[in-house]
Amino acid sequence: MLTLAEQCLERAKSFIGKSTDAPDLLAPVSCSPGQSESHQTVVLPVAISANTVSPPGTPLDTVRKAASPTKISHRRVLSDGSGELSPFLPPQVFQRLQTVKSKDISKKELTPIEQASRLNQKLKANYEARLARLTPDQVYQKTSLTLSLQRQMMENLIIAKARQDALQRKMEERRLRLQEEANRRFAASGAVTAEEQEQRTLYTNVLEYEQDHEWPKLWKANIKENPDNLTLVSHLVSNLLRFQLIFVMCSLFYISDQLLSLCLLSFECLNTASYKDLCLAGIEEAFFTPLWSALVALFRKVNTEREQAFETSMKLYHDASPGDVGVPLKLFPQDPDMQGSYPYESAVQELKLLVKDYCPQKKLECIVRTLRLICACAEEYRCLHEVDSSPRTAAIGADDLLPILSFVALQCQCPQLVSECAALEEFIHEGYLIGEEGYCLTSMQSALAYVESLHTGGAHQSVDMFI
Amino acid sequence: MAAGGTGGNSGKTYSFKVVLLGEGCVGKTSLVLRYCENKFNDKHITTLQASFLTKKLNITGKRVNLAIWDTAGQERFHALGPIYYRDSNGAILVYDITDEDSFQKVKNWVKELRKMLGNDICLCIVGNKIDLDKDRHVSVEEAESYAESVGAKHYHTSAKLNKGIEELFLDLCKRMMDTAQAEERMKGNGASQSASSRRGVQIVDDEPQATPAGGCCSSG
């Protein structure tokens, strides 16, 4: 298992190395179509809130969403034959992520099989309703209703299976056609080296991807029309980088998950919640410690604009009081005779430690500690204001928590937090997303987005606090 | 692991996420605080519990883990609303019965949630502060008929008098369990069967649904 882990690590390292050096075309094609397609849908949830400041296009915002295919009907197994250790993401990853997100499916295109099963569900409901309506003397009808239901359901499934197969065949035919096109383009004299073969496969993937997606065509046309526009090219590069990032992340996610299942499979006794936590922590630590710096470097490149916005706000508000970002007066001490210290300093100090850890789980714990310290400080300050304050615990709701957290983030003076949290969101394990860690991370991201917005319209936005 | 009730078939534990939405000052935090006071008798209290609360419940013999996520009411924090409510099984939308405006905000939230999450999420619209009924500005009929029109359930609560809160959460849990069970049944039915390839028209049973009890099977 150790050797396997080592191999995985090497592999992940080389991915990251590649992608930080130069973005190549590998990324957009290697992501399964479903995944990249949902790039467009991913934009939606963020973009819907009109006054958002974070670049809504960042697909990283919700990669787990991204991994749930929008058009399942287009999903297919990569059929180029070279199965073993290809750099392309195994479809199981998406299937796995997909099951988690199964509730999304209702809004997306269903595969024929899924359509049929929905249809059958309806049939069955109707059948049950009919049975319920039968009067005692109509009981003989029951058998015929049952038989007809079974027949109908079976037919639906058979038809669906046929459709699914046809679809699959069509996709494979297309792939073959594109493969030939690639072969023509790279028509080499003599034997084909492994490298050339890889290039061909890559090109086939590009062609295939372009069949499914509009944007590469648009970009090409755009660049042709404006050959002198250099910013266009840099935009394209950063776009490609994003895809590369998704790919690297999915690979990492997949590998660490594989390791975890391997762990649990080989040692069945470990399959309890607390052992699972321990295993995951161990794997993560071994896995991410050597990788995190490189990973964050990549995230920082993609999130440059957000970090810049954060920095601008940070400079603008460097001597702001908690009240300036909307913290209610009763939740911080007004007299400035705190001798070199400032409100919520302990929380700020804690948050500053976040960048010093290299393992997602530890970073999450750091964020949780920061929020708890905020609550503790807030209680303390409230007691200073209220004379008869009976020691009530934990009365800080989100209405108070977020302004304070924004203040703490400002004081932290670390734009890298933006990228760190973006990365954390991708690597937080499903099980933790719903829990306290997930809540704290979400709050942190919300506060960071607010801080980023401060230098644009935030100043007058914060006024609404005092009305 | 995932939201929405996973686990073994017999000793299953449901895991639900519930977001708490509503304008500032409508009493969201008080509601949650009341709810933990009622049930949280063990000493496992985190300082965060007014914002983020987890509860283990036992409802009709089934174990339920409830995670309640409070959100900030201020408009300026709404940009990241979607990351708060994603994967939610339920939403509690609170308004203040003395504040018409807060009811409008609830309507906005309903629109957004339905648009982003569809019908899978159980919505509760909660008129809080019924202890101030003499200053009521949102009529009971209006609120209830609105709730019905969007497939939500309406509740009246008073955090101050500790009224209606326990019922609200219990009812919501039961609804979320129903939804999760319906989803499971659906998944169970999707088993594919091997068969020879054959093309044809799929059978859709379009029986008129609105047949009242007692009527015979007249097909349109």
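For region A:117-143, what are the residues that are among the hydroxyl-bearing types (Ser, Thr, Tyr) and modelled with pLDDT of 85 or more? Don't jump to the end; show me each part of the working.
In the first step, residues of region A:117-143 are kept if they are among the hydroxyl-bearing types (Ser, Thr, Tyr); the result is A:117, A:127, A:135, A:140, A:143.
Correct list: A:Ser117, A:Tyr127.
Suppose we filter region B:64-91 for residues that are hydrophobic (A, V, I, L, M, F, W, C), without any contact (Cβ under 8 Å) to a residue 40 or more places away in the chain and closer than 17 Å to B:Phe16 by Cα; how many remain?
1
Looking at (1) in contact with a strand residue (DSSP E or B) (Cβ under 6 Å, 6 or more places away or on another chain); (2) touching a residue at least 40 places away in the same chain (Cβ under 8 Å), which is the one condition that is false for B:Ala147?
(2)
Of these, A:Val206, A:Val192, A:Val248, A:Val233, which one is farther than 30 Å from A:Glu284 by Cβ and in contact (Cβ under 8 Å) with a residue 40 or more places away in the chain?
Details: A:Val192 fails: in contact (Cβ under 8 Å) with a residue 40 or more places away in the chain; A:Val248 fails: farther than 30 Å from A:Glu284 by Cβ; A:Val233 fails: in contact (Cβ under 8 Å) with a residue 40 or more places away in the chain.
Residue meeting the stated conditions: A:Val206.
If we scan region A:180-187, do we find a residue that is among the polar types (S, T, N, Q) and either part of a helix (DSSP H, G or I) or within 30 Å of A:Ala125 (Cα to Cα) (or both)?
Yes, the conditions are met somewhere in region A:180-187.
Going residue by residue through region B:122-133, is there one that turns out to be under 25 Å from B:Glu75 (Cβ atoms) and surrounded by fewer than 21 Cβ atoms within 10 Å (Cβ to Cβ)?
Scanning region B:122-133, I find at least one residue that is under 25 Å from B:Glu75 (Cβ atoms) and surrounded by fewer than 21 Cβ atoms within 10 Å (Cβ to Cβ), so the answer is yes.
Which of the following residues is on the phi > 0 side of the Ramachandran plot and either part of a helix (DSSP H, G or I) or modelled with pLDDT under 95 (or both): A:Ala378, A:Ala394?
Result of the check over A:Ala378, A:Ala394: A:Ala394.
Being in contact with an Asp or Glu (Cβ under 8 Å, 6 or more places away or on another chain) and aliphatic (A, V, I, L, M) is the filter; apply it to region B:133-171 and report the residue that is modelled with the lowest pLDDT.
B:Leu161
Checking the conditions here, which among A:Ser238, A:Ser261, A:Ser256, A:Ser234 is crowded, with 18+ Cβ neighbours inside 10 Å and at pLDDT below 80?
From the options A:Ser238, A:Ser261, A:Ser256, A:Ser234, the qualifying one is A:Ser256.
What's the total number of residues in region B:175-189 that are surrounded by fewer than 15 Cβ atoms within 10 Å (Cβ to Cβ), closer than 17 Å to B:Gly151 by Cβ and within 12 Å of another protein chain (Cβ to nearest Cβ)?
The qualifying residues number 1.
Please count how many residues of region B:55-105 are more than 7 Å from every other protein chain (Cβ to nearest Cβ) and in a strand (DSSP E or B).
Result for region B:55-105: 18.
B:Glu100 passes all but one of (1) at pLDDT 95 or above; (2) crowded, with 19+ Cβ neighbours inside 10 Å; which number fails?
Result: B:Glu100 fails condition (2) only.
Restricting region A:109-135 to residues that are under 27 Å from the mean Cα position of the chain (by Cα) and without any contact (Cβ under 8 Å) to a residue 40 or more places away in the chain, which is nearest to A:Asp165 (Cα to Cα)?
A:Leu110
Can you name every residue in region A:426-467 that is among the acidic types (Asp, Glu), surrounded by fewer than 24 Cβ atoms within 10 Å (Cβ to Cβ) and at pLDDT 85 or above?
Taking region A:426-467 as the starting set, the residues that turn out to be among the acidic types (Asp, Glu) are A:426, A:430, A:436-437, A:452, A:464.
Filter once more, keeping what is surrounded by fewer than 24 Cβ atoms within 10 Å (Cβ to Cβ): A:426, A:430, A:436-437, A:464.
A:Glu436, A:Glu437 - these are the residues of region A:426-467 that are among the acidic types (Asp, Glu), surrounded by fewer than 24 Cβ atoms within 10 Å (Cβ to Cβ) and at pLDDT 85 or above.
Tell me yes or no: at least one residue of region A:316-330 is modelled with pLDDT under 90, outside any loop (DSSP other than H, G, I, E, B) and either under 32 Å from the mean Cα position of the chain (by Cα) or of a type in the set (D, E, K, R) (or both).
Yes.
Restricting the search to region B:111-143, which residues are within 14 Å of chain A (Cβ to nearest Cβ), in contact with a strand residue (DSSP E or B) (Cβ under 7 Å, 6 or more places away or on another chain) and closer than 16 Å to B:Glu23 by Cα?
Hits for region B:111-143 are B:Leu113, B:Asn128.
Show the residue pairs meeting these rules: Cβ distance below 6 Å; 6+ apart or different chains; first residue within region A:316-334 and farther than 22 Å from A:Ser446 by Cα; second residue crowded, with 17+ Cβ neighbours inside 10 Å.
So the pair list comes out as A:Lys330/A:Arg382; A:Pro333/A:Tyr381.
Taking the criterion of being part of a helix (DSSP H, G or I) and touching a Pro at 6+ places or on another chain (Cβ under 6 Å), would at least one residue in region A:211-218 satisfy it?
yes
List the number of the failed condition for A:Ala162; all other conditions in (1) within 14 Å of another protein chain (Cβ to nearest Cβ); (2) loosely packed, with under 14 Cβ neighbours inside 10 Å hold.
Just one mismatch for A:Ala162, condition (2).
I'd like the residue in region A:132-149 that is within 11 Å of chain B (Cβ to nearest Cβ) and assigned to a helix (DSSP H, G or I) and, out of all such residues, is farthest from A:Gln115 (Cα to Cα).
A:Gln138
Pick from region B:22-54 the residues that are in a helix (DSSP H, G or I), charged (D, E, K, R) and more than 19 Å from B:Ala91 (Cβ to Cβ): which of them is modelled with the highest pLDDT?
B:Glu37
Please verify whether region A:165-181 includes one or more residues that are facing chain B (nearest Cβ under 9 Å) and of a type outside the set (S, T, N, Q). Steps first, answer last, please.
Going residue by residue through region A:165-181, those that are facing chain B (nearest Cβ under 9 Å) are A:165-166.
Now restrict to residues that are of a type outside the set (S, T, N, Q): A:165-166.
Among the residues of region A:165-181, at least one is facing chain B (nearest Cβ under 9 Å) and of a type outside the set (S, T, N, Q), which makes the answer yes.
The values are calculated or read from the model by the stated rules, or taken from the named source; none is laboratory data. Keep in mind that this is a model prediction, so the values were computed, not measured. Cβ sites come from the backbone with ideal geometry, for glycine too, and all protein chains shown count toward neighbours.
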